[in-house]
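Some notes on the structure that comes next.
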Amino acid sequence: MNEPLKLYILSPHIDDAAFGLALTISKCANNNIPVTIINCFTVTKWTAIPVENKETIAVSLLRKSEDAAFYKTLNENIKIVNLDLLDAPLRNGYIFQEQPFQQNELDLIEELKNLLEQMVDGLLLCPLGIGSHIDHAICRAAAVKLYDKTDVLFYEDLPYAKRISHQQLELHVKKLEEDLGVSLVNNTDGLLNCNIDKEQAIRLYKSQMNEEISSEIIAHLNDLKGERIWSEETLLNKLRTALQK
Ligand SMILES: [Zn+2]
């Protein structure tokens, strides 16, 4: 008998899994698929709006509490793991990748790859790394290193994916296909059978949310009529089959 499927979502920051995959995560968890969120760069003082206490410890705690509240509204069985790595502004002082990985970033990729190798015994959903945020690029690079041993699928980073054209997105995926040496197809899981309102739910990330970000995420959802995942056909089928059980 096959082992029941488990799903792991690699989230560079505390909100990325939710912004990219809220509905997918909700559906999976409600279909009794064990879901674990792996938040990577959770030591942070990054907020999209001004907050009362700007210290790293306070902001990191605030963001974790927003995350816990979000997943609780989805399904109380969802597990959250915070790896407590320093985020880019605290680490190197820049956010966007404009040069090859630096040595400390290569070390982080290796560390993350090793951690994931120990933790993941199921499907791993990783961000495509759209938008050149260095923390997203590190996550993707770690997943690429794991690719031969692990079932990796990719989701669209939001709001970044809304800020590029479909052609640019396809070029981005093409580059990833070259890195992996495989063909990727995509599937958009429709809005049927969703029992959460994504717009309402993502607003629980109050410190990360403003009108622009919220409307970009929801516009992308409406453009696609769902959340799009890219992977090899066989892996998409595994996820589909698990969702139909
Ligand atoms: Zn992020």
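The values are calculated or read from the model by the stated rules, or taken from the named source; none is laboratory data. The model shown is predicted, which means the values in this text are computed figures rather than measured ones. Positions of Cβ are generated from backbone atoms using ideal geometry, with glycine treated the same way; all protein chains shown enter the neighbour counts.
Couple of notes before you dig in:
For (1) within 16 Å of the ligand (Cβ to nearest atom); (2) among the hydrophobic types (A, V, I, L, M, F, W, C), each residue gets a yes or a no:
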| residue | (1), (2) |
| --- | --- |
| F96 | yes, yes |
| Q103 | no, no |
| H133 | yes, no |
| D148 | no, no |
| P159 | yes, no |
| S165 | no, no |
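- The residue of the range 33-73 that is nearest to L239 (Cα to Cα), among those that are loosely packed, with under 15 Cβ neighbours inside 10 Å and among the charged types (D, E, K, R), is K72.
Conditions (1) farther than 17 Å from L204 by Cα; (2) of a type in the set (K, R); (3) at pLDDT below 95, marked per residue:
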{"residue": "N2", "(1), (2), (3)": "yes, no, yes"}
{"residue": "K6", "(1), (2), (3)": "yes, yes, no"}
{"residue": "I9", "(1), (2), (3)": "yes, no, no"}
{"residue": "A17", "(1), (2), (3)": "no, no, no"}
{"residue": "A22", "(1), (2), (3)": "no, no, no"}
{"residue": "I25", "(1), (2), (3)": "no, no, no"}
{"residue": "N30", "(1), (2), (3)": "yes, no, yes"}
{"residue": "I37", "(1), (2), (3)": "no, no, no"}
{"residue": "F41", "(1), (2), (3)": "yes, no, no"}
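- Hey, A22 touching a Lys or Arg at 6+ places or on another chain (Cβ under 6 Å) and among the small types (G, A, S) or not: yes
- So V81, is it more than 14 Å from the ligand (Cβ to nearest atom), part of a helix (DSSP H, G or I) and of a type in the set (V, I, T): no
- Selection status of L108, in a helix (DSSP H, G or I), more than 16 Å from the ligand (Cβ to nearest atom) and surrounded by 23 or more Cβ atoms within 10 Å (Cβ to Cβ): no
- The C-beta contact set for the range 96-115 (first residue of a type in the set (A, V, I, L, M), second residue surrounded by 14 or more Cβ atoms within 10 Å (Cβ to Cβ) and not in a loop (DSSP other than H, G, I, E, B), distance under 6 angstrom, 6+ apart or interchain) comprises L108/I138; I109/I138; I109/A141; I109/A142; L112/A142.
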